[in-house]
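**Student:** Handing you a structure now.
The values are calculated or read from the model by the stated rules, or taken from the named source; none is laboratory data. Please read all numbers here as calculations on a predicted model, not as lab measurements. Every residue, glycine among them, receives a Cβ derived from its backbone with ideal geometry; neighbour counts consider all protein chains shown.
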Amino acid sequence: MRRLGFLLLVCGVLAGVGARASADWQVMDAGREAFARPLDGLTDAERERFFRGRSLFNQSWVVAPAKDDQVDGLGPLYNRLACISCHARNGRGLPPEQPDERMQSMLVRLSVAGRGPHGGPRPHPAYGDQFNEEGIPGVPGEGRIRLGWVESKHRLADGEVVSLRRPRLAFTELGYGAIGKVLTSPRVGQQVVGMGLLDAVSAQALAALAAERKADGVKGRVNQVWNPETAALEAGRFGYKANMPTLRAQIAGAFLGDLGITSDLHPAQNCTAVQSACRQTPNGGTPELSARQLDDVEFYLAHLAVPARRNADSEVVRRGEALFAASGCAQCHRPSLSTGASPRFPRLAGQTIAPYTDLLIHDMGPGLADGRSDFAASGREWRTPPLWGIGLTQTISEQQRYLHDGRARSLSEAILWHGGEAKVARRRFAALPAQERRALLAFLESL
Amino acid sequence: MDSLHKPSRRAFVRAAGALAAAGASGSLWAAPTKDVVVLTAYPDAVVSRFEAAFEKAWPQYRLRIVWRMPHDALPYLRQAGQGGVDVYWSASPKTYAQLKDEHAFRKLPVSLEGLPGRVGGSVINDPDGFYAASEVAGYGFAVNPAYLHSHKLPPVADWSDLADPVYAGHLAVPDPVEVGFAPVLVDIPLQAYGWDIGWALWSAIAANAAFTGRGGTFVSDEIGGGRKGIGLSIDFFVASAVANGAPVEFIYPRQGGVNPAHIAVTAGSPNPDGAKAFVDFVLSEAGQKILVHPDIRKLPVRPSVYAGLPAGYHDPFATAARGGYLYDNGRGRGRAAPIAAAFGQAFVRPHARLVELWRRLHAADGAAWNTVWPLLTAPPLKEAEADDPAIQRAFFARRDDPAAEALAAGLEKTWASRVDERYAKAASLLGVA
């Protein structure tokens with residue numbers, strides 16, 4: 001207990017850095033528009049660009065050929081019609097609650113054993129690297145995924161019983177034959193605020209974070225991933241396994257994987273060799289997402305502000321903040337990072353931000369493992385997700401679902417799933433008296 | 001607790017999906033679903049909620065959305081087999097009327113009991129039963145009270161208030177040539193006040209306004225962000241922003257108008273049972289209640305739904321019963337496009353000049369008003385021109401038909417030179433260079 005008290009003192013000071021961060025990247029809004037605000041001070045021309053990007057992010061894409069030739073080229077295989085479909089109100093997606101429900105804001109990554117091009121996952125020979133349930137007219141969709149939940153009960157140190165659930169998948173109505181042995185990883189859409197700032201954290205800063213000595217067996221590595229724009233391996237920053245190096249690559253990858261929209265970064269349609277109808281359909285241009293459109297979407301996402309904290313000075317929140325640090329959570333969920341140079345978006349350069357992530361991949365143990373490696377990330381490793389804005393999840397998404405597959409129905413459940421390098425922190429949380437746990441959760445709700 | 005993090009290998013494989021044996025198994029098995037193909041231009045906020053609720057109510061069906069703006073829906077439904085579409089569901093009365101004329105629909109296979117066929121002067125259901133309204137939208141003014149307060153501007157209640165020069169520079173008006181919902185907005189005061197007075201009002205309002213185009217900026221952005229104080233708009237964009245916390249109010253004028261969205265089953269529907277189920281669902285109490293979600297905020301067409309809605313939710317049926325909504329959408333549907341084009345030539349194209357002429361007129365003496373005011377406010381076209389079916393056809397078909405485009409462009413040129421001549425004369429009288 002004495003050690004915990006010492007940690008509270010030291011880490012409380014460290015955690016407090018976040019609360020004093022520069023406010024330039026924040027917006028005072030705790031409502032349903034909180035994830036949709038631009039950074040303050042954009043010029044008229046920048047606002048126009050921001051709103052053009054927003055229109056494209058919200059746009060439902062059209063089957064080619066079409067008179068709306070700026071937004072045609074959907075598919076041939078796809079998950080949903082629009083970016084916003086998986087990031088409603090720019091927030092996180094939700095998993096199906098019942099097997100009959102479709103995946104409205106969730107997808108399933110696929111691969112087979114071995115390495116694919118550039119060291120990434122090896123796509124399934126018939127179904128590719130992502131299961132696209134939908135096909136445009138004339139092109140069979142890849143099938144249906146039914147997702148059920150397996151519940152289990154667990155008792156905390158103070159006797160409170162919590163129920164945790166994990167997903168179980170089944171493929172049905174397969175469009176291109178038996179799928180056989182395949183590695184799968186279900187993922188819900190992520191919230192999209194503050195991505196420009198994370199993009200501006202330098203690779204050197206990430207390497208320094210990885211090299212730091214940490215307590216409790218926490219390590220953390222930089223994923224090294226392929227950048228299709230530079231044709232080189234670079235530090236990963238985005239995606240649940242940090243398998244995307246830049247915001248631009250993340251956007252272009254999602255346009256192709258989720259909507260079937262090609263870009264300069266991904267000029268080929270998302271059809272495998274056996275998907276003949278897919279390969280014969282007309283496209284919506286080469287590429288379908290022009291460089292200017294990609295610029296606009298990137299500008300929009302890069303300049304979405306992060307909601308400012310609420311109740312940060314209340315006693316219970318400050319107590320929770322200290323407990324968060326003392327429990328070891330802040331070793332990975334870093335309360336303070338600095339952005340480096342940002343030549344394309346100078347507003348994002350040189351900021352001190354409070355994202356509560358280190359952008360590193362960590363072994364999270366077998367409970368969360370998907371068994372599917374992604375570049376340097378193993379099947380047990382996940383990127384530390386940013387926590388800024390997490391307290392507004394209920395407001396934005398109208399439900400609370402956390403972790404990569406939305407299995408956690410509360411922040412408590414999400415913490416209790418932490419294993420591997422986070423095992424010690426999770427045990428400390430589980431051992432806290434109920435009042436202390438509530439304080440820590442109150443802190444998270446303030447983010 | 002740690003048992004969770006040391007599951008058996010078997011449990012781990014099953015739960016996390018690593019090398020999961022694919023295929024239906026156990027409780028996850030299900031009978032195949034049948035597609036209901038819906039052609040629509042609704043945004044994801046609408047589509048995803050109807051999709052989830054419909055598939056929950058009718059688990060044997062799976063909605064497949066084909067997304068097309070109305071001008072692109074027409075050729076899609078004209079192709080062989082109507083592109084496999086079962087249901088057309090969109091807000092474009094003109095497109096529905098055209099498709100009905102082309103026998104693209106079958107009679108609606110559902111009961112319309114409890115669904116009035118009109119709102120005031122506007123017919124919203126097809127009298128022959130080929131399509132029915134699935135929601136309506138109204139028009140009015142988005143207002144930022146804090147902006148009005150800080151600029152010491154009086155509140156607005158009706159169209160004529162907007163013509164007051166005190167609002168110069170404080171209004172945002174959608175350009176009806178670029179913004180799809182705006183042509184009806186332009187026609188509402190033309191019908192409510194009469195042709196000549198309506199155009200005179202618009203001239204003064206346009207001189208007070210900045211126009212917003214089809215870029216990504218919404219009126220709610222302009223007003224909520226405090227860049228302008230009052231914005232003219234269709235209601236749901238603003239009502240949704242208000243419901244989600246924007247510091248904005250929405251004012252319905254004494255005489256407004258409604259724009260219905262419709263639903264129809266295609267003549268060649270491959271899944272007529274599924275189509276019927278979807279139409280039934282959209283028009284049901286449960287379906288109509290989805291429309292009031294803060295992210296949607298459309299006006300239900302089933303009056304019984306309004307009883308359970310939040311206080312202050314606009315009820316167009318109640319407003320019509322009190323004498324509002326005299327707007328005739330049948331008349332407006334055909335003439336909206338030529339009116340929008342004339343508006344563009346009279347006010348949007350020469351906007352800077354219009355603003356300057358009105359500014360100088362307000363500074364001039366009474367004698368100038370007698371000579372200049374008629375030159376600034378005269379309609380750019382005759383009402384008979386706007387109501388002429390041949391002219392209406394030309395503007396409707398101009399995207400696809402070169403002859404129609406030639407006629408429409410020629411008329412625009414005529415209206416433009418008419419306006420330019422009047423403005424030149426007004427400038428001369430006011431001593432403007």
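**Student:** Among B:A424, B:A340, B:A403, B:A384, which is the only one that is within 26 Å of B:V179 (Cβ to Cβ), out of contact with any Ser or Thr (no Cβ under 7 Å at 6 or more places or on another chain), not in a loop (DSSP other than H, G, I, E, B) and not charged (D, E, K, R)? Write out each step before concluding.
**Tutor:** Numbers: B:A424 fails: within 26 Å of B:V179 (Cβ to Cβ); B:A403 fails: within 26 Å of B:V179 (Cβ to Cβ); B:A384 fails: within 26 Å of B:V179 (Cβ to Cβ).
After ruling out the rest, the residue left standing is B:A340.
**Student:** For segment A:184-203, state whether one or more residues are at pLDDT 95 or above and over 21 Å from the mean Cα position of the chain (by Cα).
**Tutor:** No, segment A:184-203 contains no residue that is at pLDDT 95 or above and over 21 Å from the mean Cα position of the chain (by Cα).
**Student:** It is to be established whether one or more residues within segment B:80-95 are away from chain A (no Cβ under 11 Å), of a type in the set (D, E, K, R) and touching a Gly at 6+ places or on another chain (Cβ under 9 Å).
**Tutor:** Yes, segment B:80-95 contains a residue that is away from chain A (no Cβ under 11 Å), of a type in the set (D, E, K, R) and touching a Gly at 6+ places or on another chain (Cβ under 9 Å).
To keep it simple, each residue is scored yes or no on (1) closer than 23 Å to A:R54 by Cα; (2) within 14 Å of chain A (Cβ to nearest Cβ).
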residue	(1), (2)
B:V156	no, no
B:D161	no, no
B:P176	yes, no
B:P189	no, no
B:R214	yes, yes
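Listed here are the residues, each with its yes/no results for (1) in the same structural domain as B:R335 (by TED's automatic domain parsing); (2) in contact with a Leu (Cβ under 9 Å, 6 or more places away or on another chain); (3) in contact (Cβ under 8 Å) with a residue 40 or more places away in the chain; (4) under 29 Å from B:H362 (Cβ atoms).
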{"position": "B:I391", "(1), (2), (3), (4)": "yes, yes, yes, no"}
{"position": "B:A404", "(1), (2), (3), (4)": "yes, no, no, no"}
{"position": "B:W415", "(1), (2), (3), (4)": "yes, yes, yes, yes"}
{"position": "B:R422", "(1), (2), (3), (4)": "yes, yes, yes, yes"}
{"position": "B:K425", "(1), (2), (3), (4)": "yes, yes, yes, yes"}
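**Student:** Please work out which residue is farthest from B:P316 (Cα to Cα), limiting yourself to segment B:92-105 and to residues that are touching a helix residue (DSSP H, G or I) at 6+ places or on another chain (Cβ under 8 Å) and in contact (Cβ under 8 Å) with a residue 40 or more places away in the chain.
**Tutor:** Per the criteria, the residue is B:A104.
**Student:** Restricted to segment B:356-414, and to residues that are under 24 Å from the mean Cα position of the chain (by Cα) and aromatic (F, W, Y), which residue is surrounded by the fewest Cβ atoms within 10 Å (Cβ to Cβ)?
**Tutor:** In this case the residue turns out to be B:F396.
**Student:** Taking segment A:34-64 only, how many residues are within 10 Å of another protein chain (Cβ to nearest Cβ), over 15 Å from A:D295 (Cα atoms) and touching a residue at least 40 places away in the same chain (Cβ under 8 Å)?
**Tutor:** The total comes to 7.
**Student:** Can you find a residue in segment B:27-46 that is assigned to a helix (DSSP H, G or I), over 26 Å from the mean Cα position of the chain (by Cα) and either of a type outside the set (F, W, Y) or buried (at least 17 other Cβ atoms within 10 Å of the Cβ) (or both)?
**Tutor:** The initial filter retains those residues of segment B:27-46 that are assigned to a helix (DSSP H, G or I), namely B:27-28, B:44-46.
Okay, now just the ones that are also over 26 Å from the mean Cα position of the chain (by Cα), so B:27-28.
Those left that are additionally either of a type outside the set (F, W, Y) or buried (at least 17 other Cβ atoms within 10 Å of the Cβ) (or both): B:27-28.
So far as segment B:27-46 goes, yes, one or more of its residues are assigned to a helix (DSSP H, G or I), over 26 Å from the mean Cα position of the chain (by Cα) and either of a type outside the set (F, W, Y) or buried (at least 17 other Cβ atoms within 10 Å of the Cβ) (or both).
**Student:** So which pairs qualify, if the first residue must be in segment A:345-365 and assigned to a helix (DSSP H, G or I), the second must be crowded, with 24+ Cβ neighbours inside 10 Å and among the hydrophobic types (A, V, I, L, M, F, W, C), the Cβ gap must be under 8 Å, and the two must be at least 6 apart or on different chains?
**Tutor:** Listed by first residue and then by second, the contacts come to A:L348/A:W25; A:L348/A:L197; A:L348/A:A200; A:L348/A:A302.
**Student:** Quick one: is A:L259 farther than 18 Å from A:Y356 by Cβ and buried (at least 24 other Cβ atoms within 10 Å of the Cβ)?
**Tutor:** yes
**Student:** Starting from segment A:249-260, take each residue that is within 18 Å of A:L81 (Cβ to Cβ) and modelled with pLDDT of 95 or more and list its partners that are in a helix (DSSP H, G or I) and charged (D, E, K, R), counting only C-beta distances under 8 angstrom and pairs at least six apart or across chains.
**Tutor:** Between residues of segment A:249-260 that are within 18 Å of A:L81 (Cβ to Cβ) and modelled with pLDDT of 95 or more and residues that are in a helix (DSSP H, G or I) and charged (D, E, K, R), the close pairs are A:I251/A:E298.
**Student:** Here is a further query. So in segment A:283-292, with the set limited to residues that are of a type outside the set (V, I, T) and loosely packed, with under 13 Cβ neighbours inside 10 Å, which one is farthest from A:F255 (Cα to Cα)?
**Tutor:** Among residues in segment A:283-292 that are of a type outside the set (V, I, T) and loosely packed, with under 13 Cβ neighbours inside 10 Å, the one farthest from A:F255 (Cα to Cα) is A:R292.
**Student:** Just give me the residues in segment A:79-104 being at the interface with another protein chain (Cβ under 8 Å from one of its Cβ atoms) and small (G, A, S), in sequence order.
**Tutor:** A:A82, A:S85, A:A88
**Student:** Conditions: (1) over 23 Å from B:H71 (Cβ atoms); (2) modelled with pLDDT under 95. A:D68 meets all but one. Number of the miss?
**Tutor:** (1)
**Student:** Take A:R426 and decide whether it is among the basic types (K, R) and in contact with a Pro (Cβ under 7 Å, 6 or more places away or on another chain). Show your work before the answer.
**Tutor:** On the way: among the basic types (K, R): yes; in contact with a Pro (Cβ under 7 Å, 6 or more places away or on another chain): no.
Answer is no for this residue.
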